[in-house]
Amino acid sequence: MSMFCFQCQETAKNQGCTLRGVCGKNDETSNLMDLLIYLTKGIGIAVEAAGYPGDAVMEGGRFATEALFATITNANFDPEKIRALVLKSQEVRDAIIKRHKIDVADLPDAALYAEKNADRFSEKSISVGVLAQENEDIRSLQQFLIFGIKGLSAYTHHAAMLGQEDERVYRFVLEGLASTLKTLSVDQMTAFVMHSGECTVWAMELLDRANTSTYGNPVITKVKTGVRANPGILVSGHDLLDLFELLEQTKNTGVDVYTHSEMLPAHYYPELKKYPNLAGNYGGSWWHQDKEFASFNGPILMTTNCIVPVKDSYRDRIFTTGMAGYPGVRHIPDRKAGGQKDFSEIISLAMTCKPPEQIEDGEITGGFAHHQVSLLADAIKDAVTSGKIKRFIVMAGCDGRQKDRGYFTEVAEKLPHDTVILTAGCAKYRYNKLPLGDIGGIPRVLDAGQCNDSYSLARAALMLKDAFGLDDVNKLPISFDIAWYEQKAVAVLLALLFLGFKNIRLGPTLPAFLSPAVRTTLVRLFGIRKTENADDDVKEMVGV
Ligand code: SF4
Ligand code: SF3
């Protein structure tokens with residue numbers, strides 16, 4: 001075994017990747033990520049020792065969320081970038097220790113480890129990885145917490161890029177990380193895991209506020225999936241600010257901009273959709289990129305996860321930015337305070353490229369975030385009361401490569417015509433191009449947006465609960481059939497549990513990081529269950 005990682009749904013044998021990640025992450029990068037996570041825990045310990053003063057919480061939290069974001073599945077494969085973050089984590093921690101005159105005598109190793117020679121990192125990383133905790137139940141609870149924190153860190157970082165930060169979120173991130181270096185009771189650890197669900201709600205709320213105050217409230221939009229005759233740039237990942245700046249910089253250049261995968265919801269925002277050069281959405285979810293990037297012909301910008309191992313067919317025209325990275329791929333540097341990122345290299349390259357090859361020619365409808373749903377609330381309530389809508393099925397989450405994810409397409413096809421699918425995240429690509437029709441003008445697939453917009457789905461459900469005067473959201477005619485892949489889906493799951501939703505189906509497998517005992521507890525407390533087969537699950541969900 002040269003590494004150990006079990007953070008995502010595609011982990012080897014649903015146990016753990018031990019030689020190389022199924023995602024393509026190598027042992028060097030994986031081990032460096034373990035060391036980086038360990039050092040973010042040290043920052044948590046330092047801030048705790050300082051008594052959580054505001055400046056240390058903000059500085060430590062800002063760095064920890066950025067660093068953890070770089071470790072989520074398919075975000076960054078570049079060991080150089082992770083090495084730089086390991087060095088920076090020591091600087092951030094030591095500055096806090098110095099500024100607050102912390103007595104280091106009693107601090108644990110994570111808060112003291114000082115190594116500037118990157119060649120020695122691998123030696124250390126071996127002793128601080130996931131398996132350093134031998135008790136499988138403690139390991140399970142600690143990693144459940146860390147993966148939830150990774151997910152909410154991604155959302156927090158996006159919000160911070162738009163100038164929205166919340167000290168409560170940063171403080172919880174630091175407290176949660178530090179907690180994993182302590183000997184706590186099962187109850188105390190469980191409380192941290194559950195609190196991460198609440199903190200994810202804060203983070204998603206923050207990002208929702210950041211997005212809607214910057215780009216307006218999403219509106220119902222039909223997005224074209226065909227192509228135009230101009231050369232194009234394809235933007236993937238989740239960072240709307242990168243897309244916005246690229247749209248600004250490509251205005252009147254004759255270069256069109258297309259969205260890919262989780263960037264599709266950009267089209268729903270008034271301040272983004274107004275750009276005439278935002279041409280459409282190209283292709284499907286993240287894992288189709290090897291073929292779709294080849295046929296796109298123009299440059300590709302990966303703003304966050306999900307990157308798959310880069311193929312020669314597009315190696316010389318793919319770029320990363322932000323916390324995304326891939327060895328040998330050109331990286332667009334961060335923006336300077338008050339300025340924009342400089343995308344001129346990508347734009348010049350686009351001008352020399354052929355227009356994209358058309359791979360489909362249709363439309364995808366979306367834009368059903370909470371504000372838009374609130375405008376439809378009366379129509380939805382009437383449709384439920386009159387029996388036209390019998391049930392809502394939340395099918396949010398991630399897509400992935402595994403064949404058995406065909407389950408989610410089958411469920412969408414087999415659900416009766418009086419049901420409505422609520423979705424967010426890239427899971428939607430399993431059914432968002434199917435002709436599922438509408439119910440009295442209400443489409444049968446309501447797409448709220450990116451995975452963080454699961455917040456909108458939860459808000460819509462709570463709104464319906466109030467509209468029907470119910471005392472428990474589980475009394476609504478709603479079922480959850482969630483697809484998970486990476487750690488943002490873990491955070492979203494924890495948020496749904498915090499909000500009180502029960503009996504969630506999760507698939508296509510339950511996380512490998514849940515030990516049998518932790519799994520049993522989740523089943524007992526929340527009724528969580530694994531997806532089984534489409535026929536039986538549809539029958540159970542809609543009761544026919
Ligand atoms: Fe394996 Fe997933 Fe970790 Fe990649 S992220 S190494 S596939 S568990
Ligand atoms: Fe998809 Fe990677 Fe998770 Fe944001 S793009 S949902 S998997």
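Average accessible surface for region 363-480: 38 Å² per residue, computed with a 1.4 Å probe over protein heavy atoms with every protein chain in place. A simple charge model with +1 on the Cβ of Lys and Arg, -1 on the Cβ of Asp and Glu and nothing else charged puts the dipole of region 344-503 at about 400 debye relative to its Cα centre. On the basis of the beta-carbon distance and an R0 of 35 Å, Ile220 and Thr520 show a calculated FRET efficiency of 0.25. Packing here is the average count of other Cβ atoms within 10 Å per residue, and on that basis the peptides 265-273, 21-29, highest first, run 265-273, 21-29.
At full extension, Lys354 and Arg209 could sit 48.4 nm farther apart than now, given 0.36 nm per residue minus the alpha carbon distance.
Taking 18 Å as the cut-off, the amide N atoms of region 213-242 that come nearer than this to a point 7 Å along the Cα-to-beta-carbon line of Gln340 belong to 214-216, 232-236, 239-242.
Surface composition of the chain: carbon plus sulfur atoms hold 52% of the accessible area, using a 1.4 angstrom probe and ignoring ligands, DNA and RNA. Average accessible surface for region 221-350: 33 Å² per residue, computed with a 1.4 Å probe over protein heavy atoms with every protein chain in place. For the pair region 228-298 / region 518-544, the C-alpha centres are spaced 37 Å from each other. Label-to-label distance for Thr409 and Thr365 is 2.2 nm, based on points extended 7 Å past Cα in the beta-carbon direction. Here region 344-401 and region 461-496 have alpha carbon centers that stand 19 Å from each other. Peptides 106-115, 208-217 ordered by packing proxy, namely the average of other Cβ atoms within 10 Å per residue, highest first: 208-217, 106-115. Within straight-line reach of Lys336, meaning a Cα separation under 21 Å, sit the following lysines at least 8 residues removed in sequence or on another chain: Lys81, Lys88. Shape class for region 12-214: rounded, because the ratio a/c of the largest to smallest gyration tensor axis (alpha-carbon atoms, square roots of eigenvalues) is under 1.5. Each Lys and Arg Cβ is given +1 and each Asp and Glu Cβ -1; about its Cα centre, region 221-350 then shows a dipole of about 280 debye. Relative to the Cα centre, the charge distribution of the chain, modelled as +1 at Lys and Arg Cβ and -1 at Asp and Glu Cβ, gives a dipole magnitude of about 440 debye.
What FRET efficiency would be calculated for the residue pair Leu87, Arg330, taking the C-beta separation as r and a Förster radius of 22 Å, to the nearest 0.05? After rounding, the FRET efficiency stands at 0.50. Give, as ranges by residue number, the residues of region 410-438 whose backbone N falls under 13 Å from the point 7 Å along Cα→Cβ of Asp378. The answer is none.
For the chain, what does the alpha-carbon gyration tensor say about shape, rounded, prolate or oblate, given a ≥ b ≥ c as the root eigenvalues, a/c under 1.5 as rounded, and a/b over b/c as prolate? Note, shape of the chain comes out oblate.
Once you've got the Cα coordinates, tell me which of Lys291/Lys354; Lys222/Lys273; Lys222/Lys390 are over 20 Å apart. Among Lys291/Lys354; Lys222/Lys273; Lys222/Lys390, the Cα-Cα distance tops 20 Å for Lys222/Lys390. The order of the peptides 380-386, 444-450 by mean Cβ neighbours within 10 Å, most packed first, is 444-450, 380-386.
Given Lys41/Lys488; Lys428/Lys530; Lys433/Lys475; Lys475/Lys539, which pairs have Cα atoms separated by over 27 Å? Pairs exceeding 27 Å: Lys433/Lys475. Summing charges over all other residues whose Cβ lies under 11 Å from the Cβ of Gly449, with Lys and Arg as +1 and Asp and Glu as -1, gives -3.
The values are calculated or read from the model by the stated rules, or taken from the named source; none is laboratory data. All values derive from a computational prediction rather than experimental measurement. Counting neighbours? That spans all protein chains shown, and the Cβs are built from the backbone with ideal geometry, glycine included. Surface accessibility is based on the protein's heavy atoms, side chains included, excluding ligands, DNA and RNA. Shrake-Rupley method; radii C 1.70, N 1.55, O 1.52, S 1.80 Å.
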